[in-house]
1. Of the residues Tyr96, Tyr92, which single one is away from the ligand (no atom under 16 Å from the Cβ) and either in contact with a helix residue (DSSP H, G or I) (Cβ under 8 Å, 6 or more places away or on another chain) or at pLDDT 75 or above (or both)?
2. So, in the stretch 545-570, how many residues would count as being buried (at least 20 other Cβ atoms within 10 Å of the Cβ) and under 14 Å from Leu602 (Cβ atoms)?
3. Looking for something more than 15 Å from the ligand (Cβ to nearest atom), crowded, with 22+ Cβ neighbours inside 10 Å and either without any contact (Cβ under 8 Å) to a residue 40 or more places away in the chain or farther than 13 Å from Tyr664 by Cα (or both) - is there at least one such residue anywhere in the stretch 575-591?
4. Contact list please: Cβ distance under 6 Å, first residue in the stretch 452-478 and touching a residue at least 24 places away in the same chain (Cβ under 8 Å), second residue of a type in the set (Ser, Thr, Tyr) and surrounded by 20 or more Cβ atoms within 10 Å (Cβ to Cβ), pairs at least six apart or on different chains.
5. Conditions: (1) of a type in the set (A, V, I, L, M, F, W, C); (2) in a helix (DSSP H, G or I); (3) open to solvent by 20 Å² or more (accessible area, probe 1.4 Å). Ile247 meets all but one. Number of the miss?
6. Looking at this structure, is Gly603 within 16 Å of the ligand (Cβ to nearest atom), surrounded by 21 or more Cβ atoms within 10 Å (Cβ to Cβ), modelled with pLDDT of 95 or more and under 17 Å from Met421 (Cβ atoms)?
7. Return yes when Leu538 is of a type outside the set (S, T, N, Q), within 14 Å of the ligand (Cβ to nearest atom) and more than 22 Å from the chain's Cα centre (by Cα) and no when it is not.
8. Looking at the stretch 674-686, is at least one residue within 17 Å of the chain's Cα centre (by Cα), surrounded by fewer than 23 Cβ atoms within 10 Å (Cβ to Cβ) and in a helix (DSSP H, G or I)?
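The values are calculated or read from the model by the stated rules, or taken from the named source; none is laboratory data. Keep in mind the model is a prediction, meaning the values are calculated, not measured. Note that we place each Cβ from the backbone using ideal geometry, even for glycine, and neighbour counts take in every protein chain shown. With ligands, DNA and RNA removed, areas are computed over all heavy atoms of the protein, side chains included. Shrake-Rupley method; radii C 1.70, N 1.55, O 1.52, S 1.80 Å.
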Amino acid sequence: MAWHYFFALPPSKVNMRIPVLALPLLLLGGLAAGQDQAPQSSETPSTPYTPSLDVRSMDKSIEPCDDFYQYACGGWQKSNPIPADQTSWSVYEKLYQDNLMLLRSILEQASGAPERNAVAQRIGDYYAACMDETAVEQRGLAALQPDLDAIASLRSVKQITPLVARLQFAYGDKVLFSQGSAQDPDNSEQQIAELDQGGLGLPDRDYYLKEDAKSKEIRERYLEHVEKVLELAGESQERAKKSAETILRMETALAKGQLSRVDRRDPYNLKHKMKIAELSRIAPSLDWRAYYKELDYPSFEIVNLATPDYFRTLNHQLAKEPLANWKTYLRFHVVDSFSPYLSSPFADENFAFYRKYLRGAKEQQPRWKRCVQYTDRDLGEALGQAYVEKVFSPELKASTLDMVRRIEDAMGERIRELDWMSPETKQQALNKLAGIRNKIGYPDKWRDYSSVSIVRTDFAGNVERANEFERRRDINKVGKPVDHGEWQISPPTVDAYYDPQMNDINFPAGVLQPPLYDAKLDDAPNYGDTGGTIGHELTHGFDDEGSQFDANGNLRDWWTKEDRAKFEARTQCVEDQYAQYVVVDEVHINSKLTLGEDVADLGGEILAYIAWKGATRDKQLAPVDGLTPEQRFFVGFAQWACANERPEELRLRAVTDEHSPAKYRINGVVENMPEFSQAFSCRSGQSMVKPPEKVCKVW
Ligand SMILES: [Zn+2]
């Protein structure tokens, strides 16, 4: 089941088992080239301060009631062009880049210090191995050779099972499908085994199935990419060309069996619990007992097969395609998924296709920046300890927790007041709200990486071993009770999420920093910005997907039929509104995909507004910089989203991202808030003002 992030997660952070954005798309990253200087002193630099409401980021020549996003962010957009190595540039991404500078200095100290504790040694050596370009160039493909040899020596498709299992350990869901542990949808305290779709090189099934000119062009370009990778891995040009065609054909067949992103938003579509015997009837081409034995799973009775149709399709393909084609397929995915960690011909080709062509970046990120992000991904809770010490004080934790409690109170108040929800459903909703766990800053217990062997001269090997560690950790959860203290993202991550099965909200230290949460500023912009984000995450517990889980995180319908129908009529209003918006060229928002996020954006801001009014009830608020307190609340809200995005990136996200583009995450919300119209004295007929009967009211 999905976790609900607030912001499109950097692909490097996406849990590798979840087929969202593929591993090779790695890395947001990027400061302007001129700022690419190593910190000179041994003092750790602090991140530069930008206030959470900055009037210089506004464009006051724009009428706020015509285009509020442009009014609040026009200045920011002008003074923040997209750096050459970035695919988009936003307040969130800029803050993450600032974090990278800080993490870099931590890592440089850790890699060079003569006397280090075990944590510093591990992260320091990982970083040093990644930065050692000479060693990386010399190693070339060497780290992958044992796996490539194993693929070459495969004698029959029947023997593919143990090999697939071993390869998935290092290369994850690029190898046919994804596997691991998951919370039992019917008993959220228990971990069970799960299988899900995977196995594609392009970011989504739609890339294989759509027939428009752009999709065809992308497939042509993908063929060239596959050919290039296989040539680098030693195939002749002629053979590589044929292999590429074979791979695209095989992946297209697999894509046809995949569940779409929109269909995946219904958790019932992903629940098919069964015994191994039944799994073996659905996909007999794989020997499932041998598979789980090879992966050394704890013994279990039940596996959840998230996408049975995909496994039927895969089964059919395994029976149909000859052995030689599977060897080609596996060889490509092993090399392609590890290209970022190999010598420069591989890393450059990976960049050229996944980041430059598909997402619009102009330049590869400097090596240090990639290495910091890999360390954060692979040893995040080790690096995160040092980060938290620098940026997250107990005072900051206390003040953000206070804000969370106020937003929760506002949500309770709002639920009690809803005129369309019955008392029965309200009681259940209030129970669910009371059951939400608040996780703020960092985990109470840090992950122990002591079993990961880090070798200072073997970067690709380190990545492989870190992947194996993570997968072993994941597999070992099967059959055990759920650990509610666990986090899906590291402390420096600039993002937040709601997990419907945990029924918890997670705000890492990285997202509770200026200009998002600004301890130096007053409540208005802080509630508009971070308050809205907290409200957004809480609301996910009650959106079209999250509302299907109860207070304990179990998939159980707690709504009355009538309330559910009323709720859906209300969210339909939001879906219709966002379907009108254009992303790029002819592409509109797929508002069935973004519905949960759009509803959370609206609900979150309404809750933040109520909570802000409550928190400042007894305070005398005065205008600042010519803006009333209410106007400052809304400008603070809009300025979390200031961004510039390349058209390629917008196009990709329109398929893969459950969030609407930044502009509509602001304008789409204020159109539905009469409080906004009042704050800016908007007149009817202006773009941000809907006729009262058209305003969408969910919360
Ligand atoms: Zn969200």
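1. Among Tyr96, Tyr92, only Tyr96 is away from the ligand (no atom under 16 Å from the Cβ) and either in contact with a helix residue (DSSP H, G or I) (Cβ under 8 Å, 6 or more places away or on another chain) or at pLDDT 75 or above (or both).
2. 1
3. Scanning the stretch 575-591 turns up no residue that is more than 15 Å from the ligand (Cβ to nearest atom), crowded, with 22+ Cβ neighbours inside 10 Å and either without any contact (Cβ under 8 Å) to a residue 40 or more places away in the chain or farther than 13 Å from Tyr664 by Cα (or both).
4. Ile454/Tyr126; Phe459/Tyr341; Ala460/Tyr341; Asn462/Tyr126; Val463/Tyr341; Asp474/Ser181; Lys477/Ser181; Val478/Ser181
5. (3)
6. The answer is yes for Gly603.
7. Taking the combined requirement at face value, the residue does not satisfy it.
8. No, because not a single residue in the stretch 674-686 is within 17 Å of the chain's Cα centre (by Cα), surrounded by fewer than 23 Cβ atoms within 10 Å (Cβ to Cβ) and in a helix (DSSP H, G or I).
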